[in-house]
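The values are calculated or read from the model by the stated rules, or taken from the named source; none is laboratory data. None of these values were measured; they are calculated from a predicted model. Glycine also receives a Cβ, built like all others from the backbone with ideal geometry; neighbour counts cover every protein chain displayed. Heads up: the accessible areas ignore ligands, DNA and RNA and are worked out on the full protein's heavy atoms, side chains in. Shrake-Rupley method; radii C 1.70, N 1.55, O 1.52, S 1.80 Å.
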Amino acid sequence: MADAEYVNIWMRPERPARGPKPVYSRAQITEAAIRIADAEGLEAATMRRIAAEIGAGAMSLYRYVPSRDNLIELMADRLMGEIDVTGMPSGDWRADLTRYADGLRAMWLRHPWIASVQRSLPGFGPNQLLLIERLMGVLDPVLSIDENLGLMAMLNGYVEGTAREEVISAEELRRSGLSEAEWMARSYVYVDRLVKSGEYPIFTKIVMEARQPHLSRDEQFRIGLQRVLDCIAAAVASKGEPEGREEQAGS
């Protein structure tokens, strides 16, 4: 098969049909790229930098990973493998989806560079396929595949949107050299002026009455996640199915 005919990296054989045995592996290259990205950001994970990390010639790596897009595809799929879906579906959909959401958020926070990866088209790597099978298997017995897709998109959108905001906020604070408390204190004079102007009643209510902005990131995430799961519960209940065992027990 000619190079142009490979739809994605997963179709390309890792080892050529003939010739010398490969010295390196895609997994080795991918792990090195992730280490560099974790330490220095995604842009630092160039083929030249990866080659130096594993002691190879930069051009030789293109035999294993032909393009930058292929490299990012491998890296993204490798991160999906960090999300523990062992034992799913367990029969308790709410507990399963909570565990998945916690794992997805934790993965984003461990690898903040993932927020800069622009990927909308699925690559269907092995770890992504495992997630699809295990995660969508949670609701498959009770919902149509289209309902399942929509609800999983909502769940993923909430988790990834929240994690992205956490990552971006942390980076902004890092660049400012301030802690979150110091940044809020610096903003006090301006916020106080807005409140006293009387021109922004909803903003004033947020400042004066809202509890949520004062919660920890973990607490905010948990509240939002429970709202998303409540929406999923409504869809499940409409099919006459019981709630997850966790909620039935009075949680």
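Between region 79-148 and region 161-235, what is the separation of their alpha carbon centroids in Å?
So the separation of the two Cα centres works out to 26 Å.
Take the solvent-accessible surface of the protein heavy atoms, probe 1.4 Å, and return the percent of it on region 139-251 that carbon and sulfur atoms account for.
Numbers: 4340 of 7660 Å².
So the carbon and sulfur contribution to the accessible surface is 57 percent.
Assign unit charges at the C-beta atoms only (+1 for Lys and Arg, -1 for Asp and Glu), then state the dipole size of region 18-66 relative to its Cα centre in Debye, rounded to the nearest 20. Could the numbers behind the result be given before it?
On the way: 7 positive and 5 negative charges, 83 e Å.
It works out to roughly 400 debye.
As I understand it, the value is the acute angle between the Cα axis of helix 217-237 and the longest principal axis of the Cα atoms of the chain; what does it come to in degrees, rounded to 10?
90
Need one number for region 167-210: average projected area of the convex hull over its C-alpha atoms, nm². List each step's numbers first, then the result.
Details: hull surface 14.7 nm².
Answer in nm², one decimal: 3.7.
Aspartates and glutamates within cross-link reach of K205: Cα-Cα under 13 Å, excluding same-chain residues under 8 positions apart?
Output for K205: D192.
If each DSSP helix of 4+ residues adds -39,500 (n - 2.57) and the sum is divided by the residues in the chain, what number results at 222 nm, nearest 500 deg cm²/dmol? Can you show the working numbers first?
On the way: 10 runs with 152 residues, N = 251.
Helix-only estimate at 222 nm: -20000 deg cm²/dmol.
Considering only protein heavy atoms and a 1.4 Å probe, what is the carbon-and-sulfur percentage of the accessible area of region 18-66? It would help to have the intermediate numbers written out before the result.
Working: 1430 of 2720 Å².
It is 53 percent, rounded to a whole number.
According to the Kirkwood expression over distinct Cα-Cα pairs, how big is the hydrodynamic radius of region 18-66, in Å? Could you put the intermediate results ahead of the total?
Values: mean 1/r = 0.0915 Å⁻¹.
Across region 18-66, the inverse of the average 1/r is 10.9 Å.
Does region 79-213 come out rounded, prolate or oblate by the C-alpha gyration tensor, with a ≥ b ≥ c the root eigenvalues, rounded set by a/c under 1.5 and, if not, prolate when a/b is larger than b/c and oblate if not? Don't jump to the answer; show the numbers that get you there.
Values: a/c = 2.93, a/b = 1.94, b/c = 1.51.
Because a/c hits 1.5 or more and a/b exceeds b/c, region 79-213 counts as prolate.
Averaged per residue, what accessible area in Å² does region 21-144 show with a 1.4 Å probe, protein chains only? Write out the running numbers ahead of the final one.
Working: 5810 Å² over 124 residues.
I get 47 Å² per residue for region 21-144.
Is the shape of the chain rounded, prolate or oblate, going by the alpha carbon gyration tensor and its root eigenvalues a ≥ b ≥ c, with a/c under 1.5 for rounded and a/b larger than b/c for prolate? List each step's numbers first, then the result.
Values: a/c = 2.84, a/b = 1.35, b/c = 2.10.
Here the chain falls in the oblate category.
Could you tell me which of rounded, prolate or oblate describes region 146-229, using a ≥ b ≥ c as the square roots of the eigenvalues of the alpha-carbon gyration tensor, with rounded for a/c under 1.5 and, failing that, prolate when a/b is larger than b/c and oblate otherwise?
Since a/c reaches 1.5 but b/c is at least a/b, the shape of region 146-229 is classed as oblate.
Return one number: the angle in degrees, 0 to 90 and rounded to the nearest 10, between the long axis of the Cα atoms of helix 145-176 and the longest principal axis of the Cα atoms of the chain.
Here the helix axis deviates by roughly 80 degrees.
Using alpha carbons only, how many degrees (0 to 90, rounded to 10) separate the axis of helix 180-197 from the longest principal axis of the chain?
So the helix axis and the longest Cα principal axis differ by about 40 degrees.
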